[in-house]
1. Looking at the range A:76-86 only, could you name the residues that are more than 13 Å from the chain's Cα centre (by Cα) and within 13 Å of chain B (Cβ to nearest Cβ)?
2. Step by step: first the residues of the range B:39-75, then only those that are among the hydrophobic types (A, V, I, L, M, F, W, C), touching a Phe, Trp or Tyr at 6+ places or on another chain (Cβ under 8 Å) and in contact (Cβ under 8 Å) with a residue 40 or more places away in the chain, then the one that is nearest to the other protein chains (Cβ to nearest Cβ). Which residue is that?
3. Take the range A:1-52 and flag every residue that is within 7 Å of chain B (Cβ to nearest Cβ) and of a type in the set (D, E).
4. Take the range B:290-335 and flag every residue that is surrounded by 24 or more Cβ atoms within 10 Å (Cβ to Cβ), within 9 Å of chain A (Cβ to nearest Cβ) and within 16 Å of the chain's Cα centre (by Cα).
5. Only one of these conditions is not met by B:A275: (1) in contact with a strand residue (DSSP E or B) (Cβ under 6 Å, 6 or more places away or on another chain); (2) within 13 Å of chain A (Cβ to nearest Cβ); (3) under 30 Å from B:M227 (Cα atoms). Which number is it?
6. Could you tell me whether any residue of the range B:221-239 is facing another protein chain (nearest Cβ under 10 Å), out of contact with any strand residue (DSSP E or B) (no Cβ under 6 Å at 6 or more places or on another chain), closer than 17 Å to B:E119 by Cβ and in a helix (DSSP H, G or I)?
7. Scan the range B:180-194 residue by residue and report those that are closer than 18 Å to B:E128 by Cβ and out of contact with any helix residue (DSSP H, G or I) (no Cβ under 7 Å at 6 or more places or on another chain).
8. In the range A:87-101, what residues are within 20 Å of A:Q41 (Cβ to Cβ) and either facing chain B (nearest Cβ under 9 Å) or part of a strand (DSSP E or B) (or both)?
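FYI, it's all coordinate maths here, none of it is from the lab. Just so we're clear, the structure is a prediction, and the values are computed from it rather than from any experiment. A quick note on method: Cβ atoms are made from the backbone with ideal geometry, for glycine too, and the neighbour counts reach across all protein chains shown.
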Amino acid sequence: MPVAHAVASGMNGLRAAGDLVARLEMARGMKLAEAKDYVAQRLGTSVADLADPLVMHEVRGELRLGRVFETETTYPDDPSPQEAKRNIAALLGLQIDGVGR
Amino acid sequence: MERRFITRLGDGSAVALTRGEIRAELEDGTQAAAARAKLPPLELDELEHLLDIFASAARFSAVDIGDEVVLSFDGTGTPQQGSRVNALLQYEQCLAADTCELYHIDYSYKAVKTVVGAEQQAMKEAQERVTIPVHYGAQPDLGRYSAPDGPCGNWAELLPQMRIDEAREAQEAAVELAVEDMVYVATAMWEAGADGIDFDTAGAGGDADFLATLLAVERLRAAHPGMGIMVGMSGELVLGTHGQLEYRGTRLAGLRPAGQLEVVQQAGATVFGPAVNVNTSRTVAWNIARALTFMKPCMAVARIPVHANVGMGVGGVPMNAFAPVDAISRCSRACVDVLRLDGL
């Protein structure tokens, strides 16, 4: 079920910018278009790039926002989830209570 | 001989229909919802678009590039994935989820109340290991407060005995208890670091169940202005098991998705999830046309994101634990293309 939806219509979370857009929807009740615009503007990308895994993989790496990894592509210097979320909080102007516990 | 396309019934079984038969299913489905709820049916161009989606031999269907939406999940993880937090990590790394949800197998706020410390510990671990938002969710499940599981009278037994006043009193008492439990658990999980709280299948126990949810959301919003709160409904109609309950002057019994959204917004939630139940004897095409007709009015009044429920048995998706991807993907795409909503 989740795989089918993710492939059919999802922004694909950590593979792209889906989790960032999701945070704004949930935390601030932002509608999708507004949330996408906001995230794109903060990332310095276009809205179209937000669901592009190639673009977002590089952007997330540069901004240390956390990203997926596979056996062939490892990033031992990538941030921990806690550090990544601190960076996400600062980037999006959100308070993420799960950080720093 | 006219070409036939493999499509599905609401129980997931395959049937082969002609393009004309699929068109008839779509038209019948939207008219069924329109007549039942006095809503406008889907537009002709919307039905034609749905016909193109369903009268297709493709194994899979998807939205156009650029139309992707946020996918929020409830109850993420299965025992096959290892520990609960391992499962959340797999949703993040392998299943491309935008959010995930830590949950207890006894998916009820009343049940979680007794083990909330352990849930907080699990949330702490989850926040240390997972980057995507980790929500905490459970169900209001008002029935748990009725005898023999709870201290209140059993309105399911009282109503058939025509003991209406007693049944209403029992529900009102249950509402008070449920609100306390939901506020207690949600507060505890928020303090443990949850990125949001989900009230799943709100209204499953009728209008009293829905009222308890709204009152809990209202209190949580007042106490925690920054809390993300998602309210996911249980069906396209709030049943009047009490019949006289109101929220801020709105009678809850009989509310359809748009009306449900209005009161959920008033209470202070940040995401709303409409649910339309599947008729397992009808085709997925019929079911999705019906579901979209019920949900479409939400979009005109939504000030908060709308995440349609498209899981097992809702939103057109077959009522089957192993629903076929051809059906799921068509429903996923149909919801996004027609409703232009904020997520699923």
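1. The answer is A:D78, A:P79, A:S80, A:Q82, A:E83.
2. Filtering the range B:39-75 for residues that are among the hydrophobic types (A, V, I, L, M, F, W, C), touching a Phe, Trp or Tyr at 6+ places or on another chain (Cβ under 8 Å) and in contact (Cβ under 8 Å) with a residue 40 or more places away in the chain, the one nearest to the other protein chains (Cβ to nearest Cβ) comes out as B:F54.
3. Within the range A:1-52, A:D19, A:E25 qualify.
4. Correct list: B:P305, B:V306, B:H307, B:V310, B:V317, B:I328, B:C331, B:S332, B:C335.
5. Just one mismatch for B:A275, condition (2).
6. No, every residue in the range B:221-239 fails to be facing another protein chain (nearest Cβ under 10 Å), out of contact with any strand residue (DSSP E or B) (no Cβ under 6 Å at 6 or more places or on another chain), closer than 17 Å to B:E119 by Cβ and in a helix (DSSP H, G or I).
7. B:W190, B:E191
8. A:I88, A:L94, A:Q95, A:I96
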